[in-house]
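Here is the structure we will look at, set down as structure tokens.
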Amino acid sequence: MSKPSLILNGVTASALALALSACSGGEEPAATLPRTVLVAPVTTPQGGEALAIGTVRGENQGMVAAAQGGRVLALYVDVGARVTQGQVLARLDAAAAQLRSRQAEAEARQAGIVAEERARNADRAAKLHADAAASDAELEAARGEARAAAAASDAARAAATAARRDAAEGVLRAPVSGVIAERRTSLGAVLAPGEVAFAIEGTGERLIDVVLPETLARTLRPGDVLAFRHPGGAGEARVAGISARAHGGGGGRMAVLAVIAGDPAPGLVVDLALRSDPGAAVSVPLAAVLKGRGGSEAVLVVGADKRLRQAPVTLKGLAGSQALVTGKLAPGELVVAAGGEFLEPGLTVRPQRAQR
């Protein structure tokens with residue numbers, strides 16, 4: 001190889017070396033740049049947030065139905081009225097039932113007369129048979145007619161009793177003492193046989209039926225106390241039970257709470273603040289709570305050095321798009337608000353506050 005060629009190659013090598021040196025002294029490669037992440041501050045939750053809606057009911061409930069149906073002639077109570085067991089709630093047009101009752105009683109009397117006549121005939125046949133004036137067949141026939149007439153009389157009396165009961169059911173009475181929670185009929189309406197006219201919430205313990213979000217249902221246990229409020233006041237209720245199966249297609253769980261403070265009326269709709277320890281809970285975006293193996297939960301916290309650390313938390317409740325959690329978090333700290341499942345603890349990040 002000639003000398004000019006060596007010099008040219010040397011110049012080329014020197015230029016490449018300078019170029020590489022210039023690149024290494026400039027900006028860092030894109031792979032080592034801090035990753036931009038959306039963050040949100042840890043905040044103190046506002047008390048009394050409505051997180052679920054429940055309906056109050058009584059422990060004892062009675063349904064009042066029209067056994068034979070009929071037109072409503074009179075209504076004596078409305079929703080919210082307190083009633084006692086046996087109190088008349090409404091009267092139905094019982095004219096048809098009373099007519100049927102009278103007809104059944106007349107048929108029962110006629111059947112009784114026939115039964116008595118057949119019984120006397122059987123007695124006479126027995127005496128004639130004893131005097132050898134009647135055959136065995138004649139005696140047996142008389143006795144058979146008497147038995148058949150007696151059975152028909154019994155059936156007629158039973159039918160008359162049922163007809164009298166039907167006629168008496170033109171009066172609707174309260175089966176239990178309590179409060180009228182629902183009235184499903186109106187004056188002049190025609191009730192079909194078996195149609196419910198009133199629902200009565202009996203006296204006794206007040207219960208709240210509510211569908212809890214799936215994530216919250218897993219954190220609650222029987223005995224946990226929750227707060228509730230309604231336009232007329234507030235109170236507290238203890239979790240009595242939570243269904244093990246999802247309710248409908250919404251993915252929630254049906255729960256029953258027993259009221260331990262306050263006196264909400266049956267049928268009242270209440271807002272529930274689903275927090276078991278509101279004093280220790282802080283608020284973070286719901287999307288910031290990451291699920292781990294075995295059902296564990298955590299958030300990614302941005303440290304002062306812009307590095308991520310994982311902080312275990314316990315979900316206590318929901319408040320719209322926010323989660324109420326407990327753990328080693330302080331108000332003002334920044335947590336990854338979205339996309340945390342794609343990040344690792346120890347990663348250096350460039351935090352950018354999420355727009356709310």
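Listing for the model above:
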item: Close pairs from the stretch 255-273: first closer than 11 Å to I208 by Cβ, partner open to solvent by less than 20 Å² (accessible area, probe 1.4 Å) and part of a loop (DSSP other than H, G, I, E, B), Cβ under 8 Å, at least 6 apart; result: A255/L220; V270/P264
item: Residue identified as out of contact with any helix residue (DSSP H, G or I) (no Cβ under 7 Å at 6 or more places or on another chain) and either open to solvent by 70 Å² or more (accessible area, probe 1.4 Å) or modelled with pLDDT of 85 or more (or both) among G233, G303; result: G303
item: Pairs with Cβ under 8 Å, 6+ apart, first in the stretch 183-200 and closer than 11 Å to V77 by Cβ, second of a type in the set (F, W, Y); result: R183/F198
item: Test: V225 is touching a Lys or Arg at 6+ places or on another chain (Cβ under 7 Å), open to solvent by 70 Å² or more (accessible area, probe 1.4 Å) and of a type in the set (V, I, T); result: no
item: Flag for R164 being closer than 30 Å to A119 by Cα, at pLDDT below 80 and not small (G, A, S); result: yes
item: Test result for R120, at pLDDT below 90 and among the basic types (K, R); result: no
item: Test: residue in the stretch 60-69 that is open to solvent by 30 Å² or more (accessible area, probe 1.4 Å), at pLDDT below 80 and farther than 30 Å from L207 by Cβ; result: yes
item: A162 vs. criteria surrounded by fewer than 17 Cβ atoms within 10 Å (Cβ to Cβ) and either β-branched (V, I, T) or not in a strand (DSSP E or B) (or both); result: yes
item: Failed criterion for R173 (all others in (1) open to solvent by less than 80 Å² (accessible area, probe 1.4 Å); (2) touching a residue at least 24 places away in the same chain (Cβ under 8 Å) hold); result: (1)
item: Qualifying position, being of a type in the set (D, E) and closer than 29 Å to A265 by Cα, among E145, E182, E107; result: E182
item: Extreme residue, surrounded by the most Cβ atoms within 10 Å (Cβ to Cβ), among residues of the stretch 19-59 that are over 25 Å from V239 (Cα atoms), at pLDDT 75 or above and of a type outside the set (A, V, I, L, M, F, W, C); result: P41
item: Output for the stretch 85-124, where each listed residue is among the hydrophobic types (A, V, I, L, M, F, W, C), in contact (Cβ under 8 Å) with a residue 12 or more places away in the chain and either assigned to a helix (DSSP H, G or I) or open to solvent by 60 Å² or more (accessible area, probe 1.4 Å) (or both); result: A96, A97, A104, A108, A111, V114, A115, A119, A122
item: Flag for D154 being among the acidic types (D, E) and open to solvent by less than 50 Å² (accessible area, probe 1.4 Å); result: no
item: Positions within the stretch 234-247 being touching a residue at least 24 places away in the same chain (Cβ under 8 Å) and over 20 Å from E59 (Cβ atoms), in sequence order; result: A234, A246, H247
item: Residue count for the stretch 125-151, restricted to those that are surrounded by fewer than 14 Cβ atoms within 10 Å (Cβ to Cβ), part of a loop (DSSP other than H, G, I, E, B) and not acidic (D, E); result: 3
item: Subset of the stretch 196-214 (residues that are among the β-branched types (V, I, T), farther than 15 Å from A240 by Cβ and open to solvent by less than 40 Å² (accessible area, probe 1.4 Å)); result: V196, I200
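The values are calculated or read from the model by the stated rules, or taken from the named source; none is laboratory data. Quick caveat: nothing in here was measured; it's all calculated off a predicted structure. Glycine gets a Cβ as well: all are built from the backbone with ideal geometry, and neighbour counts include every protein chain shown. Areas reflect the complete protein model, heavy atoms only, side chains present, ligands, DNA and RNA absent. Shrake-Rupley method; radii C 1.70, N 1.55, O 1.52, S 1.80 Å.
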